[in-house]
Structure formats: structure tokens, C-alpha cells
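Participant: Dumping the structure here so I can ask a few things about it.
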Amino acid sequence: MDGNGRWAEKNNLTKIQGHNQGMYAMKEIIKRSDVLGVKYLTVYAFSTENWKRSTEEVGGIFKLAVKFIAQELKELHENNVKVNILGDYRSRVPEDAVLSMDKAVETTKNNTGLQFNIALNYGSRAEIVRGVKKIAESVKNGDINVDDIDEDMLSMNLYTGAENGNIPDPELVIRTSGEERLSNFLLWQVAYSEFFFTDTLWPDFTPDEYEEILNSFGKRNRRFGGR
Ligand code: FPP
């Protein structure tokens, strides 16, 4: 969800107002995902690198996260949406935001509709290191042998793995605002994903543009290394 800052600047608003507008854009994309029957939607809301931003901006983003859950949880739940959090959100994230996220996960845990994953204090390299450590512990404890380690095992030990119900690898990654980078997002999981980059700044990203991208994705020929 890139471009909130530039959108704010363009519109003579504060960065937080930009993130606030970004939150509305996110809400609309969730709704359209639900309508279109998308099974999993993952948003990169806060990366492990985002702590480098000003205290004011970081605090503002988490306040928005609390506001989002307070305003939207009821409707998400009524629409059978299941909320999941990916990342080390318990360690550094403000207490009220952790409580909001936990409440959203707990309330929606038995829902069977769209699964909405929020990557929060998420970094993919840290996720892989954490997964490798968990596997190493199992070897140390004698629960598994080194030869048992395979790709599926590493997948299962990532945030997207067993602890969150084994979320399938993303079929499609969309990055807004003209940047063409992964920025430490789901590095392991995107091995065969399709990528779409749009110049649209995130707050201007509409459900219609999203749907166009999904339609265009549907026409791509995915070979997964085959012919
Ligand atoms: C990137 O834009 C956006 C973010 C770092 C924050 C996105 C957060 C939200 C939309 C609200 C969070 C809501 C929940 C539920 C967690 P940028 O600031 O990097 O834009 P720029 O590159 O133009 O400066």
C-alpha cells in the first residue's frame, strides 16, 4: 500500500491524513475482494523497517490501525471475513494496537469467508530466520532429523504457515505508487507469484483498478517453470 506520503504531499495534507485516506482505500479493496470471491488478501501495513520513521508518524499509523478495527470489525465479522496478523506484532507495537489486533483475530477466528491478513511489524528475512530457528530447535530436541527438512517444512514454519492455518502462496502481488521493489515482503512465498506495478498512489487506488488488474492477471499464462 505504497504512496500515502506522496498523496498527502500532493494534496497539501499531513502524512497521517495520507495514511488515513490509505485506510479508506484499503477498506474498499477488502469489500471488492469479498464481492469477487478472492480467498486471501494480504496487506503490507507496517514493515520492520518502518520503525525508522518519526515517532509521530509511527504512532499515527498504529492509532489508525486501532481506529480501523474499532470501526470495521463488526462489519468484517458480519461478512464472514477472517482476520489474521502476520509479523512480530506483539514485541514492539503499542499495547492498544496489539489488543485491537488480538480482538479482531479472536472474534473472526471461525469465519470461513475472505481471509484478510495484515502484515504488521513484518519483515520477510526476519520471518525466514525465525522459521529456521524453530526447525533447528526441533532438530536439537530430537523431534526431527536434518534429512526431514524440506521446502514444505520451512513454509510451515513461516508466519504464513501452521500458526496461521497454512496460507497458500500469493498468486498475485500488486504494488502501487510506481516503486518496483519487494521491500522484504513474503520473499519465500512469492517464488512463483505474478507481479503488477501501478503508478497510482495507494489512496487513489480504486476497486475498479484492482478488478482490472485481477482480470489482466486471469489472462496471464502461468507456467511455474514448466512449458
Ligand atoms: C506506505 O506509504 C504506507 C504505510 C507505511 C502505512 C499503511 C498503513 C495504513 C494504510 C493503515 C494501517 C491499517 C491497518 C489496519 C494496520 P508511504 O508512507 O511509504 O508513502 P510514500 O512512499 O509516498 O511516502
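Participant: Can you give the relative contact order of the chain as a percent, counting alpha carbon pairs under 8 Å and 6+ residues apart?
Facilitator: RCO, the chain: 25 percent.
Participant: May I pose another question? Please say if the range 155-201 is rounded, prolate or oblate, where rounded means a/c under 1.5 for a ≥ b ≥ c the square roots of the C-alpha gyration tensor eigenvalues, and otherwise the choice is prolate for a/b larger than b/c and oblate otherwise?
Facilitator: Judged from the Cα gyration tensor, the range 155-201 comes out prolate (a/c at least 1.5, a/b above b/c).
Participant: On to the next question. Strictly over 21 Å apart at the Cα level, which of 31/67; 39/219; 27/82; 15/82 would you flag in this model?
Facilitator: Violating the 21 Å limit, Cα to Cα: 15/82.
Participant: If packing is taken as the average number of other Cβ atoms within 10 Å across a peptide's residues, how do 70-79, 211-220, 3-12 rank, most packed first?
Facilitator: 3-12, 70-79, 211-220
Participant: I've got another one for you. Take residue 194, project a point 7 Å from its Cα along the Cβ direction, then tell me which residues of the range 20-48 have their backbone nitrogen under 17 Å from it.
Facilitator: Counting backbone N atoms under 17 Å from the label point, the list is 33, 36-42.
Participant: Considering only DSSP states other than H, G, I, E and B, which trypsin sites (Lys or Arg not before Pro) in the range 29-64 qualify as loop sites with at most 15 other Cβ atoms within 10 Å?
Facilitator: In loop regions of the range 29-64 (DSSP not H, G, I, E or B), the sparsely surrounded trypsin sites (Lys or Arg not before Pro) are 39, 53.
Participant: Related question: Please tell me the relative contact order of the range 131-227 in percent, rounded to the nearest whole number, where contacts are Cα pairs under 8 Å and at least six residues apart.
Facilitator: RCO, the range 131-227: 21 percent.
Participant: OK, next. With springs only between Cα atoms under 10 Å, which of 178, 22, 113 fluctuates most in a Gaussian network model of the chain?
Facilitator: 178
Participant: If I take all pairs of Cα atoms in the chain, what percentage of them are more than 25 Å from each other?
Facilitator: Pairs farther apart than 25 Å: 43 percent.
Participant: If one takes the longest principal axis of the Cα atoms in the chain, at what angle in degrees, from 0 to 90 and to the nearest 10, does the Cα axis of helix 55-78 lie?
Facilitator: Once rounded, one gets 80 degrees.
Participant: Identify the chymotrypsin sites (Phe, Trp or Tyr not before Pro) of the range 155-211 meeting these criteria: DSSP loop state and at most 12 other C-beta atoms within 10 Å of the C-beta.
Facilitator: Taking the range 155-211 and a limit of 12 other Cβ atoms within 10 Å, the loop chymotrypsin sites (Phe, Trp or Tyr not before Pro) found are 192.
We did not get these values from a lab; they are worked out from the coordinates using the rules stated. No experiment lies behind these values; they were computed from the predicted model shown. Positions of Cβ are generated from backbone atoms using ideal geometry, with glycine treated the same way; all protein chains shown enter the neighbour counts.
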